Every structure is written in structure tokens, then in C-alpha cells.
Amino acid sequence: MRKLKLQMQLTADGFVCGPNGELDWMTWQWDDQLKAYATELTNSFDTILLGRKMTDGFIGYWTDVVQNHPDSPDYDAAKIFVETPKIVFTKTLTESVWANTSLATGDLVEAVNRLKNQPGRDMIVYGGAGFVASLVDARLIDELHLFINPTAIGEGLRIFTGKTPMKLMASTAFECGVVVNQYGFV
């Protein structure tokens, strides 16, 4: 059975973005070891799951890097994100307007479990906050890779909506100040 993994940036006080979607708190001066960690995680999946609200920004950003910035240090990752099949979970769209992307419109639990039972490598979810919170609440994520940034913002959006027991599987502090905690649900 394929695993569903989450890679998400969080503030030290547990927010995934500010109250209006602000991401100005993220640490982007990653050291080589953190880049290697993210690359290893990226190489483990063959399907990306996204919530509808995040999809335009995610696909738009990485497509722009591939099409217009071949010298970018993000180019190799961008190619993977653009070329990897994506599934957008939505309750409002009836057709995909994005290349290499299909829609899932039915029951979340049934759809994710169906995907987990298909052949292939693992899957990853990047967001957005509401979609990830739904996956967390349903305990559908097998590995949570939480990139804890050395910043607190005091308010914003969270992916944990209540008590969520987890088991720490690994924790690594990186020179750039980010700590990656890998959890599984108990």
C-alpha cells in the first residue's frame, strides 16, 4: 500500500500561514543538508495531492520556474513538480484547467484510500491548510514531515484542529534554524 506523506512548513507556534495567508516568516536560506532531506522526500513520490485553493499558486509558481527560469536553483525540483501527476481535491470544480492534473470530487476518505491502494510509489500532499486539516482529522496521512521554522507569528491558520496524538519518528535540526520533525499518527 502506498503512503501519503505531508511536507509542510510551520511556525514555531504551529501556524502554516498568517491570518491572510502570509508566508513572509518562512526560512528559505536552506543549508545543503536540509536541501538533501527535501530532495530525498521529493524522490519518494509519484503523485501530488493538493487542495483547490492552493493549486493555482503551486502550479503557477513551479510552471513559471520551468518555463522562464532554467538557471534557477529550484529548476530541478520545479520540473518534478510540473511533470508529476497531481490530483486536486475540490467540491466546486467540474474540470481541471491545469496540465497533468485531475480532480477528485467525491468523499475524501474513500478517494484517498482508493489512491493508496493503487500501484505506484508514495504520494505527497503540500496543502493548503484547510485541505491538510481535513486529511489530519481523518488520519489519512501516514508520515508528517513538519518543517518548523524559527519564527513565531502569534496568529494564523493551523492544520491541527484538536487533540492529535502522534508518535515522533525522527527529528533533525538543520544549521539554517529549521527543525524537521517526522511524525506518524498513533
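Just so you know, all these numbers are worked out from the coordinates, no wet-lab data involved. What you see is a predicted model, and the numbers here were worked out from it, not measured in a lab. Note that each Cβ is placed from the backbone with ideal geometry, even for glycine, and that neighbours are counted across all protein chains shown.
Key figures
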{"item": "Charge dipole (debye, nearest 20) of segment 117-172; +1 at Cβ of Lys and Arg, -1 at Cβ of Asp and Glu", "result": "120"}
{"item": "Length gained when the stretch ALA99-ALA138 is fully extended (0.36 nm per residue, less Cα-Cα span)", "result": "11.2 nm"}
{"item": "Relative contact order, percent, the chain [alpha-carbon distance under 8 Å, six or more residues apart]", "result": "37"}
{"item": "Segment 1-95, relative contact order [Cα under 8 Å, separation at least 6], %", "result": "27"}
{"item": "Qualifying lysines (Cα of each under 24 Å from Cα of LYS53; at least 8 residues distant if same chain)", "result": "LYS3, LYS5, LYS79, LYS86, LYS91, LYS116"}
{"item": "Dimensions (Å) - segment 85-186, Cα atoms, principal axes, largest first", "result": "42, 29, 28"}
{"item": "Loop-exposed GluC sites (Glu not before Pro) per DSSP, neighbour cap 16 Cβ within 10 angstrom, longest uninterrupted part of the chain", "result": "23-94"}
{"item": "Under DSSP loop assignment and at most 15 Cβ neighbours within 10 Å, longest trypsin sites (Lys or Arg not before Pro)-free interval of the chain", "result": "4-90"}
{"item": "Selected from GLY162, GLY130, GLY14 as most flexible by GNM, with the chain as the system and alpha-carbon contacts under 10 Å", "result": "GLY162"}
{"item": "Rounded if a/c under 1.5, otherwise prolate or oblate - segment 18-65, Cα gyration tensor axes", "result": "oblate"}
{"item": "Length gained when the stretch ASP64-THR42 is fully extended (0.36 nm per residue, less Cα-Cα span)", "result": "6.0 nm"}
{"item": "Rel. contact order, % - alpha carbon contacts under 8 angstrom, at least six apart, segment 78-186", "result": "20"}
